[in-house]
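Inspection log for the structure reproduced underneath, given as structure tokens.
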Amino acid sequence: MSEPLCLLQVHAHPDDEASKGSGTTAKYAAEGVRCVLVTCTGGEAGEILNPAADTPEARADLPAMRMQELEESVSILGYSSLHLLGYHDSGMPDTEDNRRPDNFWNADIDEAVGKLVEIVRAERPQVIIAYGDDHSFYPHPDHIRAHEIAVTAFEAAGAATRFPDAGAACAPQKLYYSGWTRRRIQALHDAYALAGTDSPFAEFLNAIKGDSDHLYTTQIDVGDFLDKRRASLLAHRTQIDPESFWMALPDEVLRDVYRWEEYILARTLVDNGVRPSEIETDLFAGLRS
């Protein structure tokens, strides 16, 4: 391709970029791919989950603290560009935050799509990563809305008649959904059991209904970038307790247990050259010159 490779990810809140696809970001950024992050809300409805970070300063202005944490995480992972859609965190249903007229869930969806289309046309990514369409395990309104606008923007960005004031039409070529396979969750759960540590993944296994592993088309080897993934998580000091069991397994163990991040290829306008029975190992398969 004549244009430089560009990967754009759409996330709901600050810290989502660290917990979902962060190893993938670090890997491609290290290869020289331009990585772009779109964060839809400011995470204002979040709580302080790390006792060591529960300070008067943090409680006085948690949104500003979360922005500082986001900027540090973005730097660690190697993102070239950060875009904020500017919506208030919607919180969970039946909360005060969820009733706010300025939150992401209550925003005009065409307005939100238009904002994202303008970013896509300016950044010209070949690949977009979004949340999947199965929200049964974590039905957060902002995650649902982030999925909806990403899918719509993927289709609209290349249509000159859609959002004509949002810049020249530019069609992304591939859309992926991020997620976790059952085999990944099971492997990590078993590793905690082997280490004699309480597993944070037990509830995930109990919540999974059926087996959707066959839907996953793509594995990205991030074994050499687990340190970046850990550092980006720890940058979100108000959200991540470094002493929690989530952080209990060292990177060298995780590298041996499960070194991949996984995706579903939801839309593609190119032939990636991968047979249906094979696993794709590069988000830019079919796009490299």
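Read-outs throughout are calculated quantities, based only on the coordinates presented, and are distinct from any laboratory measurement. Here the structure is a predicted model, which means the values were calculated and not measured. Every residue, glycine as well, gets a Cβ built from its backbone with ideal geometry; the counts of neighbours run over all protein chains shown.
Here are some notes:
- Matching option when the condition is of a type in the set (D, E, K, R), touching a residue at least 60 places away in the same chain (Cβ under 8 Å) and surrounded by 14 or more Cβ atoms within 10 Å (Cβ to Cβ), among Arg184, Arg162, Arg121: Arg184
- Subset tally (residues that are under 16 Å from Gly196 (Cβ atoms) and in a loop (DSSP other than H, G, I, E, B)) for region 235-263: 3
- Where a residue in region 67-92 is more than 19 Å from Leu8 (Cα to Cα) and in contact (Cβ under 8 Å) with a residue 12 or more places away in the chain and its partner, wherever it lies, is of a type in the set (Asp, Glu) and part of a helix (DSSP H, G or I), with Cβ under 7 Å and at least six apart: Asp89/Asp97; Asp89/Asp142; Ser90/Asp97; Ser90/Asp142; Gly91/Asp97
- Filtered by the rule that a residue be part of a helix (DSSP H, G or I) and closer than 19 Å to Gly42 by Cα, region 100-113 gives Ile109, Glu111, Ala112, Val113.
- Taking region 30-52 as the range and being surrounded by fewer than 19 Cβ atoms within 10 Å (Cβ to Cβ), touching a Ser or Thr at 6+ places or on another chain (Cβ under 9 Å) and either among the hydrophobic types (A, V, I, L, M, F, W, C) or part of a helix (DSSP H, G or I) (or both) as the test, the residues that pass are Ile48, Leu49.
- Leading residue by the ranking (nearest to Ala107 (Cα to Cα)) among those in region 146-192 that are among the small types (Gly, Ala, Ser) and touching a strand residue (DSSP E or B) at 6+ places or on another chain (Cβ under 6 Å): Ala146
- Test for Pro63: is it outside any helix (DSSP H, G or I) and either closer than 17 Å to Val38 by Cβ or not small (Gly, Ala, Ser) (or both): no
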